[in-house]
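Take a look at the structure below.
The values are calculated or read from the model by the stated rules, or taken from the named source; none is laboratory data. Just so you know, these numbers come straight off a predicted model, no measurement behind them. Every residue, glycine as well, gets a Cβ built from its backbone with ideal geometry; the counts of neighbours run over all protein chains shown. Only protein heavy atoms, including side chains, enter the accessible area calculation; ligands, DNA and RNA are left aside. Shrake-Rupley method; radii C 1.70, N 1.55, O 1.52, S 1.80 Å.
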Amino acid sequence: MIIPKPMNQEARPGAFQLSQRTRVYLAMQEDDRRGKWIGQQLSLRLGLEHPGCIWLGSISRATLPAGTIVIIIDPSEESLGAEGYWMTVEREMVTLCASGYEGAYFATESLIQLATPRAEATDGNGRKRSIPCVRIKDQPRYPWRGLMIDSARHFQDVPLIKSWIDRMASLKINRFHWHLTDDEAWRIEIDKYPRLTELAAWRTEGGQRYGGFYTKDQAREIVSYANARGITVIPEIEMPGHCNAALYAYPHLSCCGRPLKIGHEGWNAYTQVEGRLPFCVGRDATLEFIKDVLREVAEVFDSPYIHVGGDERPAGVWSECPHCNERMRRAGLANEDELHVWFMSQIADFVSDELKRVSIGWAEKLDIGMPENQIIQGWHAGQSDKVISAGRQTINSTHEWVYLDYPWSLSGQEAKPKWMPVLPLRKVYEFEPAGDTAGGAGSGLLLGSEAPIWTEFITTQEELQQHVMPRLAALSEVLWSASKDRDYNDFKRRLLRLGGRSPAVISPVVTGSLAKRVFQVGNKSQDALKA
Ligand code: TNX
């Protein structure tokens with residue numbers, strides 16, 4: 001029933017009835033505020049009549065009344081890992097158990113999926129009345145299961161980002177990679193450089209002023225909203241390319257120092273390549289700027305990781321720049337590509353030495369070198385394999401398997417640039433992140449995968465919805481569930497059940513009443529499901 005499919009599950013006869021008496025009990029440390037929040041959320045989302053939780057202290061299940069849901073957080077259950085859990089749904093009682101917070105949270109997501117309303121098991125108000133009996137023991141296949149949202153090309157407001165975090169959580173996607181800066185806009189408030197958001201968060205699109213940015217408080221709100229749901233937020237600040245918005249705000253950071261035109265009518269942000277510039281990495285001022293920005297970013301985002309971009313630097317600019325030439329001469333670098341790796345290494349060292357975080361970079365000049373202490377995110381076929389062969393950690397986001405901005409069917413391709421391949425639901429489901437990597441699978445170097453949704457051509461919430469769902473559900477199963485259990489037809493059946501008549505969203509996001517699921521119907525998504 002559940003997506004992603006649990007590691008082990010055994011259906012049992014009978015069902016647990018949700019009734020007026022149903023209460024959530026908590027067996028965890030008394031000061032476990034986060035654990036208690038999980039219990040409260042569960043009661044709310046199940047629409048229980050008595051949403052308060054009862055703290056038990058120690059586990060004395062024998063004495064509990066029938067109709068009880070117990071959440072146990074027991075650190076001695078360490079074999080479950082941080083994200084694993086077990087669950088039993090019996091006629092009299094539901095028990096969820098994990099060694100820690102994330103596992104307990106994901107257990108509730110599984111329970112809520114099991115409780116998703118079905119016609120035969122709901123009361124007159126559409127409220128769920130029973131949960132089928134089952135025993136589950138569950139643990140993820142990969143620790144890194146991500147969605148990347150590009151908020152630079154087009155902007156999503158805070159409620160929309162939160163709705164995506166809800167959907168990620170329901171699929172046990174645990175990494176939200178937030179692409180906050182690019183050529184087309186800068187989206188995160190930086191106190192020391194106010195022009196980044198005063199100027200570079202805005203442009204003219206279709207004759208209108210278009211844009212927006214996240215204040216630091218809003219970003220913190222997103223971080224804690226995600227953390228509560230078992231999700232780590234990884235901010236991305238792009239460099240040394242994909243940075244024209246920053247150069248528009250602060251032209252002295254470019255090689256030529258001339259003002260750029262972004263933000264004005266006439267500059268086509270998505271198709272006009274000429275005129276794009278990289279940061280001038282010959283000037284110390286640029287490195288200082290980037291470090292200042294990253295310091296402020298690290299204050300807002302408390303995750304262990306910061307993504308520092310690294311892809312697609314416009315070529316040929318640095319060779320023409322006296323500052324960059326001087327840098328290459330002094331550092332003994334032969335060409336622009338070596339300067340690229342030098343620069344990314346400087347940033348990786350800064351992130352690890354000063355900010356005490358791990359940097360992540362898009363794979364780019366792998367043959368020339370990989371910055372130390374950096375997780376490399378592959379996006380072309382074979383890149384993650386190469387990184388693993390070099391004994392380094394990687395996230396495999398090979399574009400033809402997981403780029404969710406790609407069309408999901410041939411008919412959708414017409415509206416897209418010619419170079420974009422079709423990525424049907426089934427193909428995502430058949431993705432094998434370990435690829436043909438010899439030792440990769442067991443080495444721990446392959447952390448998992450992440451699906452990016454680039455938004456150059458995705459302007460509305462509806463389009464975002466149609467591109468991400470249901471393909472993210474397929475990826476969640478690839479990354480969480482055992483590969484031997486993968487069965488596309490079975491996956492589609494579960495998808496249809498969870499999505500009801502609308503497979504576009506399988507996320508049973510429930511506020512207040514279990515009956516109220518958030519989804520949008522899209523004919524195109526129906527097509528995708530049939531593919
Ligand atoms: C390449 S993937 C990019 C993005 C584009 C995307 C379009 C990557 C690291 N860079 O900037 O948006 O292709 O699909």
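Does I375 satisfy the condition of being closer than 24 Å to H307 by Cβ and touching a residue at least 60 places away in the same chain (Cβ under 8 Å)? Spelling it out, I375 is indeed closer than 24 Å to H307 by Cβ and touching a residue at least 60 places away in the same chain (Cβ under 8 Å).
Based on what the data block shows, is R283 out of contact with any Cys (no Cβ under 8 Å at 6 or more places or on another chain) and more than 28 Å from F176 (Cα to Cα)?
For R283, the condition - out of contact with any Cys (no Cβ under 8 Å at 6 or more places or on another chain) and more than 28 Å from F176 (Cα to Cα) - is met.
Tell me, please, whether a residue that is open to solvent by less than 60 Å² (accessible area, probe 1.4 Å) and more than 18 Å from D138 (Cα to Cα) can be found in the range 89-102. Yes, some residue in the range 89-102 is open to solvent by less than 60 Å² (accessible area, probe 1.4 Å) and more than 18 Å from D138 (Cα to Cα).
Can we say L333 is closer than 13 Å to G282 by Cα, aliphatic (A, V, I, L, M) and buried (at least 22 other Cβ atoms within 10 Å of the Cβ)? Answer is no for this residue. Taken as a whole, the condition of being modelled with pLDDT of 90 or more, open to solvent by 10 Å² or more (accessible area, probe 1.4 Å), β-branched (V, I, T) and over 15 Å from G309 (Cα atoms) does not apply to V402.
Residues that are of a type in the set (F, W, Y), touching a Ser or Thr at 6+ places or on another chain (Cβ under 9 Å) and within 24 Å of S397 (Cα to Cα): does the range 304-318 have at least one? Looking for residues that are of a type in the set (F, W, Y), touching a Ser or Thr at 6+ places or on another chain (Cβ under 9 Å) and within 24 Å of S397 (Cα to Cα), one finds at least one in the range 304-318, hence yes. When the criteria are applied in full, V281 fails the requirement of being part of a helix (DSSP H, G or I) and under 31 Å from the mean Cα position of the chain (by Cα). Scanning the range 415-443 for residues that are outside any helix (DSSP H, G or I), at pLDDT 90 or above and open to solvent by 20 Å² or more (accessible area, probe 1.4 Å) turns up P421, V422, P424, E430, E432. Filtering the range 449-468 to residues that are more than 14 Å from the ligand (Cβ to nearest atom) and under 14 Å from P424 (Cβ atoms) leaves only Q466. Out of the residues in the range 308-330 that are surrounded by fewer than 23 Cβ atoms within 10 Å (Cβ to Cβ) and closer than 22 Å to W178 by Cβ, state the one that is modelled with the highest pLDDT. Only one residue tops the list, namely D311. Applying the set (1) open to solvent by 10 Å² or more (accessible area, probe 1.4 Å); (2) within 16 Å of the ligand (Cβ to nearest atom); (3) modelled with pLDDT of 90 or more; (4) small (G, A, S) to S483 leaves exactly one unmet item: (2). Taking into account only those residues within the range 128-154 that are of a type in the set (D, E, K, R), modelled with pLDDT under 95 and in contact with a helix residue (DSSP H, G or I) (Cβ under 9 Å, 6 or more places away or on another chain), which is farthest from the ligand (Cβ to nearest atom)? It comes out as R129.
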